[in-house]
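S.K.: Pasting a structure below so you can have a look.
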Amino acid sequence: MRRLIPVSLVSLMAACVLAAGMAGCATTGAPNAAERPNPAQAPLLRLSPASLGRTLSLEQQITVQYPSPQGEQTRDMLALLEADAAHTRLAAMAGNQVLARIDWDGHDLRVTRSPWAPPELKPERILSDMQLSLWPVAAIQAALPAGWRIDATGGMRQLRAGAEVVAEIRYPDAATTLFTQRRDGYRLTIRTLRDNGSAR
């Protein structure tokens, strides 16, 4: 079983601290494959669903650790991810209720947020983090702006801006992924609870 992680889920819980506010339901067009709002931020990947090269159907438990004025916070979430050549769909759940849904078809990013979800929701970052974790390294590298690169070894990926490691993803075993976003200081521990038929 492949190690699979919607890393982007951190943005749903850590958004309260890290992201700018957005409307409850948003649709954004697909500009370039990667955007760079400002040099201090990691590029926002917009890779097509087809470039994943396989289908996914996963249920995952995600523990998010992130900084806050009150000290480090920890939150647990359940993520349901489905991906094929036409769509990437993600549902984030907490307390047996859907927190948010994301649907990306390669052209439009559609986000539906529950009324009780945090008002700060950044779907572009959610999608980008997911693709950084799951998509083929070659597809990611081709979309990165000048000065950025992704390095990959057998059990790790690193997103670099020059010599700086901005994000690091480790795969200690087939069911676990550890993600660290060094600039923003958040960490994810993601465990696959159920793989309902992922295929290469």
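S.K.: Output the residues belonging to region 133-143 that are surrounded by fewer than 24 Cβ atoms within 10 Å (Cβ to Cβ), in a helix (DSSP H, G or I) and out of contact with any strand residue (DSSP E or B) (no Cβ under 6 Å at 6 or more places or on another chain).
M.R.: Of all residues in region 133-143, those surrounded by fewer than 24 Cβ atoms within 10 Å (Cβ to Cβ) come to 133, 135-139, 141-143.
After this cut, where a residue has to be in a helix (DSSP H, G or I) as well, the list is 133, 137-139, 141-143.
Selection gives Ala138, Ala139, Ala142.
S.K.: As an exercise: evaluate Gly106 against (1) modelled with pLDDT under 90; (2) crowded, with 16+ Cβ neighbours inside 10 Å; (3) farther than 17 Å from Leu58 by Cα and give the number of the one condition it does not meet.
M.R.: Going through the list (1) modelled with pLDDT under 90; (2) crowded, with 16+ Cβ neighbours inside 10 Å; (3) farther than 17 Å from Leu58 by Cα, Gly106 breaks only (1).
S.K.: Follow-up. Tell me which of these Leu109 doesn't satisfy, since it passes every other one: (1) more than 20 Å from Ala79 (Cβ to Cβ); (2) in contact with a Pro (Cβ under 6 Å, 6 or more places away or on another chain).
M.R.: (1)
S.K.: If you don't mind, another one. Could you figure out which of (1) aliphatic (A, V, I, L, M); (2) at pLDDT below 90; (3) surrounded by fewer than 18 Cβ atoms within 10 Å (Cβ to Cβ); (4) in contact with a helix residue (DSSP H, G or I) (Cβ under 8 Å, 6 or more places away or on another chain) isn't true of Val98?
M.R.: All conditions are met except number (4).
S.K.: Next up: Condition test on Ala146, is it in a loop (DSSP other than H, G, I, E, B), modelled with pLDDT of 85 or more and more than 14 Å from the chain's Cα centre (by Cα)?
M.R.: Details: in a loop (DSSP other than H, G, I, E, B): yes; modelled with pLDDT of 85 or more: yes; more than 14 Å from the chain's Cα centre (by Cα): yes.
Yes: the conditions hold for Ala146.
S.K.: Residue by residue through region 149-176, note down the ones that are surrounded by 13 or more Cβ atoms within 10 Å (Cβ to Cβ) and either outside any strand (DSSP E or B) or modelled with pLDDT under 90 (or both). So that I can check it myself, show each step before the final result.
M.R.: Of the residues in region 149-176, the ones surrounded by 13 or more Cβ atoms within 10 Å (Cβ to Cβ) are 149-152, 156-161, 165-171, 175-176.
Within region 149-176, Ala175 is the sole residue that qualifies.
S.K.: Out of region 46-99, which residues are within 28 Å of Gly185 (Cβ to Cβ) and not in a strand (DSSP E or B)?
M.R.: Within region 46-99, Arg46, Leu47, Pro67, Ser68, Pro69, Gln70, Gly71, Glu72, Gly95 qualify.
S.K.: With respect to Arg125, determine if the residue is touching a Phe, Trp or Tyr at 6+ places or on another chain (Cβ under 9 Å), surrounded by 15 or more Cβ atoms within 10 Å (Cβ to Cβ) and either modelled with pLDDT under 95 or not in a loop (DSSP other than H, G, I, E, B) (or both).
M.R.: On the way: touching a Phe, Trp or Tyr at 6+ places or on another chain (Cβ under 9 Å): no; surrounded by 15 or more Cβ atoms within 10 Å (Cβ to Cβ): yes; either modelled with pLDDT under 95 or not in a loop (DSSP other than H, G, I, E, B) (or both): yes.
Here the answer is no, as Arg125 does not meet what is asked.
S.K.: Does Arg149 satisfy the condition of being in contact with a Lys or Arg (Cβ under 6 Å, 6 or more places away or on another chain), closer than 15 Å to Leu45 by Cβ and free of Cβ contacts under 8 Å to residues at least 60 places away in the same chain?
M.R.: Numbers: in contact with a Lys or Arg (Cβ under 6 Å, 6 or more places away or on another chain): yes; closer than 15 Å to Leu45 by Cβ: yes; free of Cβ contacts under 8 Å to residues at least 60 places away in the same chain: yes.
Against the criterion (in contact with a Lys or Arg (Cβ under 6 Å, 6 or more places away or on another chain), closer than 15 Å to Leu45 by Cβ and free of Cβ contacts under 8 Å to residues at least 60 places away in the same chain), Arg149 qualifies.
The values are calculated or read from the model by the stated rules, or taken from the named source; none is laboratory data. No experiment lies behind these values; they were computed from the predicted model shown. So basically every Cβ, Gly included, is an ideal-geometry build from the backbone, and we count neighbours across all protein chains shown.
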